[in-house]
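The values are calculated or read from the model by the stated rules, or taken from the named source; none is laboratory data. Worth saying up front: this structure is predicted, and the values here are computed from it rather than measured. Cβ atoms come from the backbone with ideal geometry, glycine included; neighbour counts cover every protein chain shown.
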Amino acid sequence: MITLGIILLILGMLIDIGILTTLGIILLVVGVILFILGSVGRAVGGRPHYW
C-alpha cells in the first residue's frame, strides 16, 4: 500500500492530475499507519501485521 501510494503520488505530480496526487497521499498515510500499528504488535484486522 505504501509503494502504491508513492507511485500514485509521483505520477500525479508528473502528469499534473490532482486526483492521483490526492489518492497517493491517502494511500501513503494509511499504509504508514497500518505499518506502524503492525510493527508495534497491535493486531490490525485480526492479524499481527497487515501484509
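See the values below:
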quantity: Scope region 1-19; condition buried (at least 16 other Cβ atoms within 10 Å of the Cβ) and over 13 Å from the mean Cα position of the chain (by Cα); matching residues; calculated: G12
quantity: Any hit, region 38-51, residues being at pLDDT below 90, surrounded by 11 or more Cβ atoms within 10 Å (Cβ to Cβ) and touching a strand residue (DSSP E or B) at 6+ places or on another chain (Cβ under 7 Å); calculated: yes
